[in-house]
Amino acid sequence: MLIGGGGLIILFITKKKLYIPPDVLRKMSASQKQYGTVKCQYMVVLLFFAVENHGLDNVGMSYGFDFVDCAALRFWIGSIEDAACSSDLGALLMQMWPKEVIYESQGPTAPRLTPVLPATTGFADASEACAWPAESEVWVYRGSDQGKKRNKTNCRRESFRNGRRRRKMEVMEAEPMTNRKSKKKRIELGISCMLNTEVSSVLAVLRRPPADPTAAQFLSQEEKNSDNALVHTFKFLRTLIFNPPQDWQTMDPAVYLTPFLDAIQSDDIPAAATSIALCSILKILTVGIFDERTTGARDAINSVVMGITCCRLERTDPVSEDSIMMRILQILTAIMKHRTAILLADQAVCTAVNTCFQVVQQSASRGDLLQRSARYTMHELVRMIFSKLQDIEVKQGEELETDIDDDADFDGNLDSGYGIRSAVDIFHFLCSLLNVVEVVESEGNLYRTSDEDVQLFALVLINSAIELSGDAIGNHPKLLRMIQDDLFHHLIHYGTSSSPLVLSMICSTVLNIYHFLRRFVRLQLEAFFKFVLLRVASAGISAQLQEVAIEGIIDFCRQPTFIIEAYVNYDCDPVCINVFEETAKLLCKLSSPGASPSTSLQAQAFEGLVGIIHNIAENINREGDSTPSGPYPVHITEYSKFWMDRPLDGSEASISYLRTRKAQKRKLVIAGNHYSREERKGLEYLRLSLMFPDQPDPKDYAFFFRLTPGLDKTMIGNYLGDPDDFHIQVLKEFTCTFEFSGMILDTALRSYLATFRLPGESQKIQRILEAFSEQFYEQQPSDIFAGKDAVFVLCYSLIMLNTDQHNPQVKKKMTEEEFIRNNRAINAGEDLPREYLSELFQSISRKAISLFVQTGGQPEMNPGLWVELISASKTLQPFYLADFDRRLGRDMFSSVAGPAVAALTAFFEQADEDELFHECVEALISVARIAQYGLEDALDEMLASLCKCTTLLNPYASSEETLFAFSHDLKPRMAVLAVFSIANNFGRAIRDAWRPILDCLLKLKKLKLLPSSVIELDSSSDSEQSQNNGSVGSGGVGVIFTSSSQDQRSRSTTMISKFSHFFSIDSMEESLSLGLNEFEQNQKVIKQCQIGSIFTNSWNLPNETLLYLGRSLIFASAGKGQKFATPIEEEETIEFCWDLIAALSFANINRLQDFWPSYHDNLVEAIHFPLFSAIPFAEKVIIALFRICLKLLSSARLDKLPEELIFKSINLMWTIDKQILDTCCESITKSVSKILIEYPANLQSFLGWKSVLHLLSVSGRHLETYDQSVETLIMLISDQTHVSRTNYPFCIDCTFGFVALKNSPLEKNLKILDLLAESVTLLVEWYKNYSDPGINMNFSTASTGSNPEFSLSTFSINLFIKLGEAFRKTSLARREEIRNHAIKSLRRSFELAEELDFSPANCMNYFNLVVFAMVDDLHEKMIEYSRREGAEREVRSMEGTLMLAMELLTDVYLQFLKQIAASLGFRTFWLGVLRRMDTCMKADLGVYGEAKLQEVIPVLLRKMITRMKGDEILVQKEDDDLFEVTYIQIQWIAPSLKQELFPELEI
């Protein structure tokens, strides 16, 4: 509840009850009480607040009221919309009137708001009261303009983002209260009268008797009850209108809308009632009784849409239906224009549009007025819906959404009104309407002439007409049809059999048509390339014709948009041939140099190929192009009908659609190859590749046979003729793919039989001809054939005629009269037209029908194909004027990448002219620019070929021969420059080619051509680029650009432009004319390569590239593919490769965890190489790894993984051979010391500390590194700043390793022991501030092995036990000083560990593992020495240490006596103490006399027993025999103490 002073009270209510305190109820007027009664069903919060008096007499305060719901805070004076309403509510309330506001909430973080009084008459800034949320929306009411009434307000919606924008809420000066109340009363009365009138009108019609009085008796009781319920609903609404007067503007609209909506959805009311109810709803919406702020407005306006959609028209006549549908259109328009339209749900908006579209469809058979109104309404709805898109905030990630199939892709907040979802659905629906294609019938005239002069003259005129008319021809259908049909037919027909001049003119004509009319001649252009240009250019009748054809192709390729448009319109369409791909491959084939000298045709083809490559490269990397560059390649993820086309609009969906279509086309070719070898395998491949659905569809099979090139035509014929039901369906669908309209029978039969080989079985032939006859008959005029049977009989007759006329074994040929006579009365008992049969006979006689066509033959253009082409052009989508997209450009080049790279590299090897040579190099650079977009294989292939051209990889040439060839030939040096320049600029796209590149680099090093400092390695300095861009390119494998910005593209373009300067003829000749010797010239070329930047600037390479590069370096360093003349050369190679790896790691230190796991796996693999040399390899590698480790630890990092990965590799290297630690001892010591001295705070991982301290202890074994190692350890432990719970166990192990060294300085060892003892203070501190470190370590194998029931109680106690075990081991050292000092240090550790909570179990466990074990080991050692000869000094020395140990046992026992005595195992523990006292007391030193322990043991026993008796631990008890057992043990150990310690038993 929110209670405030100054007359403000805010009451929280439930949906069913309104709780109002008595004092508040007394203050409420009758209207306020009525308001609360009505609103309690809908409100969440009811507000009553005091408002300053404005002109009312004798009234100091008046109470305003309104409601607040969880989605919108609303006030009569202003409003706020915000889901988190508490802060905004308090802010607004404090700006209004009350001087004190107390906010009480059920939540745990309810704020107390301090009121802020406004300084002026306007509201204070909301920021003075409380901060606005980051994303809140405020309805700001502005004062009225001049000339408007003062009670009018202008509402503007503003968005507050991140607290930066603030708006002051302004309120208009209120009108006098009496005028406002009077006006409001008049409005409410008018609404009441209007509603009463509408209700009365509907009731009057409902009560009207039916037109057929006898029909009422046949109504069911349910129908009568339904009608009565509807009448009662209207009656109940009428009772609410005036009794009492209602505040309609605040009432839920569902109260007065529901009866009318029920009426229009009823099945049993007359049309008049439905029409009146619709008019009533329209009037309610037009009057504007409610708005978007009214409670229940959202549900009401959506229910209106649903109600209108479900309007019933069962009892209406056609005239009434037109009227009702007109009303529906008016209401739909009124809904979208209503203020509550912003509350419409997406489904409601889509339903409204769909309803309107249904009216549009139904109005097609009705009056013109209704149809026009429906279409106008549809237009208005779409306009109003999409006008809201500018106000919808586009969320991140929605810009790239193109196809939304799941509701989860949309915002789940249903309270936000309609928005992007409805817009997407409606837009998708509108796009689907674009698939309607208008079929235009056309007829053309054939021009047949063989006069070359006439042909040339005609072509000149045609060219002039096209050039002058331009695209205006497209506005004239008849002229356009003539160009599409007659002109192209002749151009194609004469293109293959004319002179070079005619062919040149034909090419020019078609090029002009392409410029102006390509939108209308898509299939004609394809046919021209297929039957003329490609055919003549590949195998021309003469070389002149071939050159003309190549020139024609080059002219087309020079057009800026031709190649992309050819690819989009033909290569991406399964119906068409691959115009771009076949053209490019033809140029590659013709440009490849052969054994003979190069020809002009070869140069022409090379020019065309280079032009295509440059065109793609320039467009694929355009500056300012922000289109995405992936994914590569495209995968078919769902089944779609590959044979169905759709319009293109340049959207993302169209691009994806085109790429998918191209992938489908490739799948068809692959499936065709499989099918030709094995039918089942081909069909199964189509299903697995999602070209066919799981349930076979005959249409898919039919179009597969129809469209797939290269299929075995015999297999197709056998499949189509099979009697299986599914095969028959496929045959029918296959035949339906043909368009026979406008064809004569023999032409249609030729086209049909050209697609497959007619089977030999008569039954199969019959089924095929029956299907053909049915299709042909359906598409022919009915004035020739009476039925399909006549066509079937005539087809058989034509086949027989064909055999008769063209079979050489038939001697007597059939005449025309015989043919006509044989076909009498076959047309339903009538004869076919004689002229028709005569034409068929003449056509068959002139040219045979190919009944047994062979697979793989090139078809010729014939009348049947041309008629089919013209028919297909009427239904096929028009030529799409495509804009270049980098994804399509990449796909274009991928289709010809192999031949293009092979042709360019072959031309590079054979080029002997400088101009061609430089053109080839520039083309190779363009290939690299294209290959960076997912064509890594092409770039690898090109670089591998270029590396061969450097002459550096010739395995049969000696170093001298290689150096001579490199120095005296410009081509190898240019190849080296090209290889490394491409690696610098396009390294992100290189994969397997890193291996030959590194082979070239290593060869240059062997030839001493590399400068002394290829790269600068400095592990202590941070690379600014690495720090700023270390995360660039860290995406997943397969991603080319994880961060594709315009700056990167422009920088790449700049580098390419600079790189092209290196290939200018002048710059190369200049280097030769400066008098430089060969070595200096080579050095200049190598310097231009900028080899070092490949590695130092590798921060922008993706992870996959780093993996390939690192793998190549590691394998090369391990000797794979290398031949070493001497061991020194091998060591230099290893060191050089790992210097490069270190440079890679330095540049990518921020993402080391992304690629180093693979590097480690490569290291493991390299170890098993046959020629692997362990010692030099591991020595160089471990040095490089420590450099990388130092670089990594030079800055603090949160992630421990990179550190663990590096130390994992370091441990791998020194475990290969133990000699490695000896050979690398000094470098390891320096690195480890630097880590522990300079970067201990950055060493975080468990493995890191373990490895460093272990290597530190190992380095202490060497005399030359001992001093540095021990000083480092002493500094680490004495400082204690970097000793943590993680590394403390390893510090103990490391110190024990140093103490255990022979001949180590005594003072160092004693200092180490003292430091270990003092380190117990850390354990105490950790124990006090202990929080589980998340480390589960087994610190002592003995701790778990000796006592299985033992469990580690606390972390600090475990570490203390491990420390004690280290002292125990040290107590067995050979030097007495160290042994004794270890025991003293152990005693000191117990003194410092007083604050550790030793439980009885911990104490006993510590004694077992440390104290008892130490005493037992020392006793055993002493006895062992006593059995040796001449070892008296050692025996006495060991005896002295044992005495110290026994004293320690006694002191520690007494220190923890209280805890130990409380243990259940105390009796056994005490007997263990006595047993060790007895053992020491009776120690036999043999020839060395009695042991001094006999003097010490009684003293210690007396001390312990006296303390135990004083603490009443050792007392006589009836149920405990500890006292008696102790007495008996004392009798055995020290009988002299019996009377002193147990006088009561002696009595």
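The values are calculated or read from the model by the stated rules, or taken from the named source; none is laboratory data. What you see is a predicted model; the values in this text were computed from it and never measured. Counting neighbours? That spans all protein chains shown, and the Cβs are built from the backbone with ideal geometry, glycine included. For the accessible areas, the whole protein counts, side chains as well, though only heavy atoms, and no ligand, DNA or RNA atoms are used. Shrake-Rupley method; radii C 1.70, N 1.55, O 1.52, S 1.80 Å.
Figures for the structure shown
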quantity: Answer residue from region 359-368, given it is open to solvent by 30 Å² or more (accessible area, probe 1.4 Å) and touching a residue at least 12 places away in the same chain (Cβ under 8 Å) and is farthest from the chain's Cα centre (by Cα) among those; calculated: G367
quantity: Set E909, E915: member being open to solvent by 30 Å² or more (accessible area, probe 1.4 Å) and in contact with a Cys (Cβ under 9 Å, 6 or more places away or on another chain); calculated: E909
quantity: All positions within region 492-510 that are in a helix (DSSP H, G or I), out of contact with any Cys (no Cβ under 9 Å at 6 or more places or on another chain) and closer than 18 Å to Q546 by Cβ; calculated: I492, Y494, P500, L501, V502, L503, S504, M505, I506, C507, S508, V510
quantity: Residues located in region 880-906, provided they are aliphatic (A, V, I, L, M), part of a helix (DSSP H, G or I) and either surrounded by 20 or more Cβ atoms within 10 Å (Cβ to Cβ) or touching a Gly at 6+ places or on another chain (Cβ under 7 Å) (or both); calculated: L888, M892, V896, A897, A900, V901, A903, L904
quantity: Residues of region 613-670 satisfying the condition of being part of a loop (DSSP other than H, G, I, E, B) and of a type in the set (A, V, I, L, M); calculated: V634, I636, M644, L648
quantity: In region 1505-1531, the residues that are of a type in the set (A, V, I, L, M) and assigned to a helix (DSSP H, G or I); calculated: I1505, M1508, L1522, V1525, I1528, I1530
quantity: Every residue from region 1170-1194 that is within 19 Å of P1157 (Cβ to Cβ) and β-branched (V, I, T); calculated: V1181, I1182, I1188
quantity: Breaking point among (1) farther than 15 Å from V199 by Cα; (2) surrounded by fewer than 23 Cβ atoms within 10 Å (Cβ to Cβ); (3) modelled with pLDDT of 85 or more, for F290; calculated: (2)
quantity: Qualifying residue in region 1532-1547 (condition: touching a helix residue (DSSP H, G or I) at 6+ places or on another chain (Cβ under 7 Å), acidic (D, E), in a helix (DSSP H, G or I) and open to solvent by less than 80 Å² (accessible area, probe 1.4 Å)); calculated: yes
quantity: Count of region 369-379 residues which are over 47 Å from the mean Cα position of the chain (by Cα) and charged (D, E, K, R); calculated: 1
quantity: Hits in region 712-726 - residues which are aromatic (F, W, Y) and open to solvent by 40 Å² or more (accessible area, probe 1.4 Å); calculated: F726
quantity: Helices (runs of 4 or more DSSP H) lying entirely in region 1075-1141 (those with 3 or more residues that are open to solvent by 30 Å² or more (accessible area, probe 1.4 Å)); calculated: 1078-1089, 1103-1117
quantity: Breaking point among (1) crowded, with 23+ Cβ neighbours inside 10 Å; (2) farther than 25 Å from G742 by Cα; (3) of a type in the set (A, V, I, L, M, F, W, C), for F488; calculated: (2)
quantity: Qualifying positions in region 1484-1504 - part of a loop (DSSP other than H, G, I, E, B) and at pLDDT below 80; calculated: G1489, E1490, A1491
quantity: In region 1370-1383, residue least open to solvent (accessible area, probe 1.4 Å) [restricted to those that are under 16 Å from M1422 (Cβ atoms) and polar (S, T, N, Q)]; calculated: S1371
quantity: Among the candidates E835, E818, residue that is farther than 30 Å from L534 by Cβ, part of a helix (DSSP H, G or I) and open to solvent by 70 Å² or more (accessible area, probe 1.4 Å); calculated: E835
quantity: Residues (at pLDDT 80 or above, of a type in the set (G, A, S) and closer than 26 Å to A543 by Cα) located in region 598-632; calculated: S600, A603, A605, G608, G611
quantity: Single condition Q1455 does not satisfy, out of (1) under 18 Å from E1490 (Cβ atoms); (2) out of contact with any Leu (no Cβ under 8 Å at 6 or more places or on another chain); calculated: (1)
quantity: Every residue from region 657-671 that is surrounded by 21 or more Cβ atoms within 10 Å (Cβ to Cβ) and touching a Gly at 6+ places or on another chain (Cβ under 9 Å); calculated: A671
quantity: Complete set of residues in region 792-815 that are open to solvent by less than 50 Å² (accessible area, probe 1.4 Å) and in a helix (DSSP H, G or I); calculated: F792, L794, C795, S797, L798, I799, L801, N802, D804, Q805
quantity: Count of residues meeting criterion [open to solvent by 20 Å² or more (accessible area, probe 1.4 Å) and under 22 Å from Q1244 (Cβ atoms)] in region 1178-1204; calculated: 10
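Let's see how each residue does on (1) at pLDDT below 90; (2) surrounded by fewer than 22 Cβ atoms within 10 Å (Cβ to Cβ); (3) touching a strand residue (DSSP E or B) at 6+ places or on another chain (Cβ under 8 Å); (4) farther than 19 Å from A900 by Cα:
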site: S504; (1), (2), (3), (4): no, yes, no, yes
site: L511; (1), (2), (3), (4): no, yes, no, yes
site: F529; (1), (2), (3), (4): no, no, no, yes
site: V548; (1), (2), (3), (4): no, no, no, yes
site: V575; (1), (2), (3), (4): yes, yes, no, yes
site: N578; (1), (2), (3), (4): no, no, no, no
site: A584; (1), (2), (3), (4): no, no, no, no
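Conditions tested, residue by residue: (1) at pLDDT below 85; (2) outside any helix (DSSP H, G or I); (3) out of contact with any Gly (no Cβ under 6 Å at 6 or more places or on another chain); (4) buried (at least 20 other Cβ atoms within 10 Å of the Cβ).
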| site | (1), (2), (3), (4) |
| --- | --- |
| D1293 | no, no, yes, no |
| K1302 | yes, yes, yes, no |
| N1309 | no, no, yes, yes |
| T1321 | no, no, yes, no |
| Y1327 | yes, no, yes, no |
| S1331 | yes, yes, yes, no |
| M1337 | yes, yes, yes, no |
| A1342 | yes, no, yes, no |
| N1347 | yes, yes, yes, no |
